[in-house]
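Visitor: Here you go, one structure.
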Amino acid sequence: MTVHFKQETFRDDYTYSNSPEAIRRFPFPFDKDEYMYSVNIEQHMPGPAKSPFEFPIDIDEHYVSEMRDRAITLAQDPKRCQSLPHMITAEWDLVELLMESMAKHYPELFTLTQDGDRWRWINRPLDIDQTFTFGDASTLPYPPMEYITRQCQGDFALLDQRLDNLWMDAGMITSQADWSLDFDIGMNFLEWHAPVPLAKDMAIFERALKFLLNLQQGRPVRRLNWTMTINPRLDTSPENYDKWGADRATVTPENVGRKVHLRVELQAMWRLPRSNAIVFSIRGYLINMDELVTVPKWARRFHRVLRELRPELAEYKGLTRYRQTTIDWLAKHDDGAPTSPGFQPD
Amino acid sequence: MSGGVEIAVVVAEIEQAARNVKRFRFAAKDGGSLPHFAAGSHVVVLMRDGERTIRNAYSLIDRAEDGSSYRIGVLRTPNSRGGSKFMHERVSVGDELRITMPVNLFPLFHPGRKHLLIAGGIGVTPIYAMADELQRRGALYEIHYAVRDEAHGAFIDEMRARHGDRLKLYRRDLEEILAVDQILPGQPLGTHLYVCGPEGMIEAVLEGGLEAGWPKEHLHAERFQTPPTGEPFALRLAKAGLTCEVRGDQSMLEALEEAGFDPPSLCRGGACGQCAVDVLEADGELIHNDHYLSAAERASGEKIMLCVSRLKGRELVLDL
Ligand SMILES: Cc1cc2nc3c(=O)[nH]c(=O)nc-3n(C[C@H](O)[C@H](O)[C@H](O)COP(=O)(O)OP(=O)(O)OC[C@H]3O[C@@H](n4cnc5c(N)ncnc54)[C@H](O)[C@@H]3O)c2cc1C
Ligand code: HEM
Ligand code: FES
């Protein structure tokens, strides 16, 4: 498989866009015309060829540019990557998981050679060739989690399991939908989810937590989550709210198609072997409204989902300022025809 | 299968480690390496005994440096209905068994300042792995290990060699008593305690900890619980429309599996919560033997754990 890596930006002049292939493989998250929270967890099994679910770790045309954007964010704010001292074993587990998966599924891009603890990692797109000793952090230029997540698309949180709870004790979070690792670090599953509306009353988090506490090695799971972002910006963090918050007021009927993006997070969870920790990957996909409506079913459906969305959810996701403008724009692409069940384009 | 991914293993070595304890070394059948695991993990060993499959949980002692094998230790239980007896009498070197992926219900509390490991008898198996891991991480720890007599030699010699005087031994034949009120005083704030052994010992240690004012979040235990026996009763699955009999020497989980039904389960010892089901009707008294449901959940009579709990009465109807 060959991937052509686009040169694009996620800030300032925002040159990010999707190729027609990227639009076709977009993980559209709505399987019906309405949306509400649920314990939407399924096995992270290999999906259809070319889809984002084909491999456990998905590398796409935005890889090189996303990694560059992550480096810029980290240079400005090193606290986006943090790890408590007891998480070092989990960090190495993550190195193993990501390197093995990337090398196995993208052999033209990545090569991993393991000779006992002596490992050699070749990353062709980023021009890296690193020999190191697995388990010895002094043989890598960055701590292990930071090293590998500077080379893998998506944000990552490492959760320690103790006292029948999960604790966010490490992470690389540079493209988050308005939450902060620096604020959440050391918190448990119920604490960091506290700001989410309605879900508590539906006992969603207790059920999800019980499920995750029993997550087994070799049986990863995934779920989809979504929000919206103005401009194709990865770093929509509370830390930099001043740089992007005001963009929400800039949406007009003329620029909806270009500016308003649906942001989908493919979240996968693995039990890690040596540490018994869980890794939570948040792999984000952005698509603007012009691109989205090239798939008629998605245009109809997203119009309806957005129109019917509970106000609490719209408020929490930060859509209130531009929701109506977007619904009006999408209405032109919804002829009222029925939509077929499932995520796929018709 | 509901227990998750299974691994085919070959018995590479069997050793009489103590009077009633055999240690088994399992190698991956395909010659590859076995998954890493975190200390405190166990696997479920599946034993084919004629028509039936016995499934017992056994803690992992260690994984060979090169990943080629695991070790477990099995105590021969008096009046065994099968599992430990099978392991002791019927398994020989070269035999093939299946195990599940490691599962950890007894994890170390890594941010702890110091770790007190307390083992009695066969309870040494997870403690052995924990001590190794703490040593690897350079953490502070002590091991307190109570045995009947020196016939527990194999574990003692290895742990002595690895952990030196961090291991304190208590031999009952020499009237050395492991008393929790002598271990706890003077431990630094933020110390965590882990205990595994006979039920009576676990209770005494946990109670001693609470009495000494330790927060219960700092006290961790694993019980090698086996499904207790009882009277037979009828089991009806409302959704599946299935009725079966649970014999006195069988758990509900075993009876359902025998009937070709495959409910979710993991530890089979009342600890993980995976096998919880909703009770629709109970003609009799629910006997809860798990360590998972809260007192309130038990009192409500709405849930029961298939792997270890039972009915004292005629018929139980479940939402399955
Ligand atoms: C997480 C976990 C980890 C474990 N780790 C280990 C380990 O490392 N090593 C280890 O040896 N074990 C371990 N165990 C226990 C192990 O899984 C088995 O339960 C144990 O080996 C006994 O199995 P069995 O099939 O021989 O006994 P069972 O047949 O299940 O019998 C258990 C008990 O029931 C009683 N009993 C049986 N039949 C009758 C009857 N008809 N009437 C009256 N009483 C009866 C006996 O007194 C016996 O003690 C662990 C258990 C758990 C849950
Ligand atoms: C263990 C891994 C997980 C991590 C690290 C995680 C983390 C987070 C974080 C940081 C937020 C943002 C909260 C905020 O506003 O500050 C969030 C939101 C949310 N999480 Fe999780 N989560 C995890 C697993 C799950 C699971 C398994 C579910 C399943 C139901 C879930 C459901 C949700 C929902 C519904 C929201 C609100 C999202 C929205 O409306 O945009 N989470 N999560
Ligand atoms: S299987 Fe673990 S509690 Fe029943």
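The values are calculated or read from the model by the stated rules, or taken from the named source; none is laboratory data. From a predicted model like this one, the values you see are computed outputs, not experimental measurements. All Cβ positions, even for glycine, are placed from backbone atoms using ideal geometry, and neighbour counts span all protein chains on display. The accessibility values were calculated without ligands, DNA or RNA, using every heavy atom of the protein model including side chains. Shrake-Rupley method; radii C 1.70, N 1.55, O 1.52, S 1.80 Å.
Visitor: Expressed as a fraction of 2.2 N^0.38 Å, the rule-of-thumb size for a compact globular protein of N residues, what is the C-alpha radius of gyration of chain B?
Guide: Details: Rg = 20.3 Å, N = 320, 2.2 N^0.38 = 19.7 Å.
Scaled against compact globular proteins, the figure is 1.03.
Visitor: Restricted to Cα positions, what overall size does the range A:71-165 have along the principal axes? Three whole-Å values, descending.
Guide: Each principal axis gives a Cα extent; for the range A:71-165 these are 41, 33, 26 Å.
Visitor: So what is Rg over Rh here for the protein assembly as shown, counting just Cα atoms and using Kirkwood for Rh? Can you show the working numbers first?
Guide: On the way: Rg = 27.4 Å, Rh = 27.5 Å.
Value, to two decimals: 1.00.
Visitor: For every other residue with a beta carbon closer than 10 angstrom to the beta carbon of residue A:90, add +1 if it is Lys or Arg and -1 if Asp or Glu, then tell me the sum.
Guide: -3
Visitor: I'd like the accessible area for residue B:181, computed on protein heavy atoms only with a 1.4 Å probe and all protein chains in place. Round to 10 Å², please.
Guide: 110
Visitor: Could you list which residues have their amide H under 5 Å from that of residue A:54, counting only those 5 or more apart in sequence or on another chain, with H placed in the peptide plane?
Guide: A:47
Visitor: Starting with the highest mean, order A:296-306, A:88-98 by the number of other Cβ atoms within 10 Å, averaged over the residues of each peptide.
Guide: Details: A:296-306: 21.1, A:88-98: 22.8.
Packing order, densest peptide first, comes out as A:88-98, A:296-306.
Visitor: Looking only at Cα atoms, what is the convex hull volume of the range A:20-288 per residue, in Å³?
Guide: Working: hull volume 38.1 nm³, N = 269.
Dividing the Cα hull volume of the range A:20-288 by its residues yields 142 Å³.
Visitor: Further question: Quantify, in whole percent, the carbon and sulfur part of the accessible surface of chain B (1.4 Å probe; protein heavy atoms only).
Guide: Working: 6690 of 14070 Å².
Exposed carbon and sulfur together represent 48 percent of the surface.
Visitor: How many Å³ per residue does the convex hull of the Cα positions in the range B:114-222 occupy? Write out the running numbers ahead of the final one.
Guide: Details: hull volume 10.6 nm³, N = 109.
Looking at the range B:114-222, the number lands at 98 Å³ per residue.
Visitor: Leaving ligands, DNA and RNA out of it, work out the accessible area of residue B:207 with a 1.4 Å probe and give it in Å² to the nearest 10.
Guide: Ignoring ligands and nucleic acids, residue B:207 comes out at about 110 Å².
Visitor: Set the Förster radius R0 to 56 Å, insert the Cβ-Cβ distance between residue B:16 and residue A:240 as r into 1/(1 + (r/R0)^6), and round the FRET efficiency to 0.05. Mind dumping the intermediate values first?
Guide: Numbers: r = 65 Å, r/R0 = 1.16.
Computed FRET efficiency for residue B:16 and residue A:240: 0.30.
Visitor: Interface size between chain B and chain A, please: total buried accessible area, 1.4 Å probe, rounded to the nearest 100 Å². Don't skip to the answer; put the middle values down first.
Guide: Numbers: alone 14930 and 15470 Å², together 28630 Å².
Chains B and A together bury roughly 1800 Å² of accessible area.
Visitor: So, one more: Give me the net charge for the shell around residue B:73: Cβ to Cβ below 12 angstrom, other residues only, Lys and Arg +1, Asp and Glu -1. Don't skip to the answer; put the middle values down first.
Guide: Values: positive: B:22, B:23, B:25, B:71, B:76; negative: B:15, B:62, B:158.
Spelling it out: positives minus negatives among the neighbours equals +2.
Visitor: Which residues of the range A:207-227 bury at least 30 Å² of accessible area once all protein chains are present, versus their chain alone (1.4 Å probe)?
Guide: Residues passing the criterion (a loss of at least 30 Å², heavy atoms only) are A:210, A:214, A:216, A:217, A:219.
Visitor: When only C-alpha pairs under 8 Å and at least 6 residues apart count, what is the relative contact order of chain B, in percent?
Guide: Details: 669 pairs, mean separation 47.1, N = 320.
Computed over chain B, the figure is 15 percent.
Visitor: Hydropathy at least 1.0 by Kyte-Doolittle, axial extent at least 30 angstrom from the Cα trace: which helices of chain B, defined as entire DSSP H runs, fit?
Guide: Numbers: long enough: none.
What comes out of the filter, once short or polar helices are dropped, is none.
Visitor: Quick one: Karplus J couplings for the range B:186-197, per residue in order, coefficients 6.51, -1.76, 1.60, θ = phi - 60°, nearest Hz, x for Gly and Pro?
Guide: x, 6, x, 4, x, 7, 10, 10, 10, 10, 9, x
Visitor: Then there's this: Just for chain B, what percent of DSSP beta bridges are antiparallel, to the closest 5? Don't skip to the end; give the middle numbers.
Guide: Working: 50 of 76 bridges.
Around 65 percent antiparallel, to the nearest 5.
Visitor: Per the helix-only calculation at 222 nm, which mean residue ellipticity applies to the protein assembly as shown, given -39500 (n - 2.57) for every DSSP H run of n ≥ 4 and division by its residues, nearest 500 deg cm²/dmol?
Guide: On the way: 20 runs with 167 residues, N = 666.
Computed mean residue ellipticity for the protein assembly as shown: -7000 deg cm²/dmol.
Visitor: Mind listing the phi-derived Karplus ³J(HN,Hα) values for the range A:339-346, rounded to whole Hz, using 6.51, -1.76 and 1.60 with θ = phi - 60°, and x for any glycine or proline?
Guide: Values per residue, Gly and Pro as x: 10, 7, x, x, 8, 5, x, 6 Hz.
Visitor: State, as an integer percentage, the relative contact order of the range A:20-288 based on alpha-carbon contacts under 8 Å between residues 6 or more apart. If you can, show how the numbers build up before the last one.
Guide: Details: 442 pairs, mean separation 58.0, N = 269.
Computed value for the range A:20-288: 22 percent relative contact order.
Visitor: Okay, moving on. Multiplying the sequence separation of residue B:165 and residue B:312 by 0.36 nm and subtracting their Cα-Cα distance, what value in nm do you get? Let's see the in-between values first.
Guide: Working: separation 147, 0.36 × 147 = 52.92 nm, distance 4.93 nm.
Once the chain is fully extended between residue B:165 and residue B:312, it gains 48.0 nm.
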